[in-house]
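*Asks:* Below is the structure I would like to discuss, written out as structure tokens.
Where a number appears in this text, it was derived from the coordinates with a stated rule and is not lab data. Bear in mind the structure is a predicted one, so any value in this text is a computation, not a measurement. Neighbour counts run over all protein chains shown; Cβ positions are idealised from the backbone, glycine included.
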Amino acid sequence: MKIEIWSDVVCPWCYIGKRRFEEALSKFEHKGDVEVVWRSYQLDPSTPTKSGQSVTDRLAAKYGVSRQQAAAMNDRVTTIAKEVGLDYHLENAKHSNTFDAHRLIHLGKRHGIQDAVKERLMKAYFVEGEAVGDVDTLVKLASEVGIDPDEAREVLEADEFADEVRADENRARMFGITGVPFFAIDEKFGISGAQPSEVFTEALNAAWADSHPLVAVGSPQGAETCEGEACAI
């Protein structure tokens, strides 16, 4: 079973959704048969590589609210993040363009550690206040999860995986995805948003049953069965 997840590394609900999904997957009976693929999605492709704008100021400008109201929005999502074990520090987050971060995640896929790269980038942004649009920072973060820093820098200073990032975004448009996180199971079951873990559990079970239907063998007529308290003798 293949699960594709569209998200951005600077999306607070994406990190929360990741944790809720992981909780459901950890309890899923067939988790060993599940392939998880992270897909690229940029919330704001126009963001400069180094914007210098705080997340609070960016939020206020985006939604046309006061800085105080934006800070309250951040406080709310920070409180929810704590419920799934995440310690957000949005007051330190550095608003950044994430195109190169997504290219790095594709490099992680090549090495079989895509989830580790995704996790490291999200923690760096939401918890540690790292600039995930900065090449030097990305190289450092990549090396911390096992990617050779020289390879990471070579990829980031060229245009490798740029086509893959754009292909992910085009595919999102094809599916009609307009917000993240978005989870697609076997290209058939879609889950939008950071849903409760119970929703993910329900979707996993439904998708598994759909892809592994029970095939009845033999005729039910005259079969030796018991139904309730009655048995055919």
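*Asks:* So, counting K/R as plus one and D/E as minus one, what does the shell of residues with Cβ under 13 Å around residue 200 add up to? Before the final figure, lay out the partial values.
*Replies:* Values: positive: 18, 19, 20, 27, 31; negative: 22, 23, 198, 202.
Charge balance near residue 200 sits at +1.
*Asks:* Moving on to the next point. Using amide H atoms built 1.01 Å from N in the peptide plane, name the residues 5+ places from residue 37, or on other chains, whose amide H lies under 5 Å from its own.
*Replies:* Amide H neighbours of residue 37, under 5 Å, 5+ apart: 3, 4, 5.
*Asks:* Tell me whether segment 130-177 comes out rounded, prolate or oblate; compute the Cα gyration tensor, take square roots of the eigenvalues as a ≥ b ≥ c, and use a/c under 1.5 as the rounded threshold. Could the numbers behind the result be given before it?
*Replies:* On the way: a/c = 2.71, a/b = 2.13, b/c = 1.27.
Prolate, since a/c reaches 1.5 and a/b exceeds b/c.
*Asks:* Modelled label-to-label distance, residue 214 and residue 69, 7 Å Cα→beta-carbon offset: nm?
*Replies:* Placing both labels 7 Å beyond Cα along the Cβ direction yields 5.4 nm.
*Asks:* Going by the alpha-carbon gyration tensor, a ≥ b ≥ c the square roots of its eigenvalues, is segment 68-125 rounded (a/c under 1.5) or, if a/c is not under 1.5, prolate (a/b greater than b/c) versus oblate? Don't skip to the answer; put the middle values down first.
*Replies:* On the way: a/c = 3.84, a/b = 1.89, b/c = 2.03.
The shape class here is oblate.
*Asks:* Another question, if that's okay. Are any of the pairs 62/82; 62/118; 2/188; 118/140; 18/82; 31/123 more than 18 Å apart by Cα-Cα distance, and if so, which?
*Replies:* Values: 62/82 25 Å; 62/118 25 Å; 2/188 10 Å; 118/140 14 Å; 18/82 13 Å; 31/123 24 Å.
Beyond 18 Å: 62/82; 62/118; 31/123.
*Asks:* Taking a ≥ b ≥ c as the square roots of the Cα gyration tensor eigenvalues, with a/c under 1.5 meaning rounded and otherwise prolate when a/b beats b/c, else oblate, which class fits the chain?
*Replies:* On the way: a/c = 2.62, a/b = 1.86, b/c = 1.41.
It is prolate, given that a/c is not under 1.5 and a/b is the larger ratio.
*Asks:* Counting only the backbone N, which residues of segment 117-132 are under 19 Å from the spot 7 Å out from the Cα of residue 148 toward its beta-carbon?
*Replies:* Hits in segment 117-132 for residue 148 at 19 Å: 117.
*Asks:* Looking at segment 2-211 only, what percent of DSSP beta bridges run antiparallel? Nearest 5 please.
*Replies:* Numbers: 9 of 15 bridges.
Among the beta bridges of segment 2-211, antiparallel pairing accounts for roughly 60 percent.
*Asks:* Say each of residue 89 and residue 46 gets a label point 7 Å from the Cα, pointing the same way as Cα to Cβ; how far apart are those two points in nm?
*Replies:* Simple spin-label model gives 3.2 nm for this pair.
*Asks:* Loop only per DSSP, at most 16 neighbouring Cβ atoms within 10 Å: give me the trypsin sites (Lys or Arg not before Pro) in segment 45-81, ordered by residue number. Before the final figure, lay out the partial values.
*Replies:* On the way: sites: 50, 58, 62, 67, 76; in loops: 50.
Sparse-neighbourhood loop trypsin sites (Lys or Arg not before Pro): 50.
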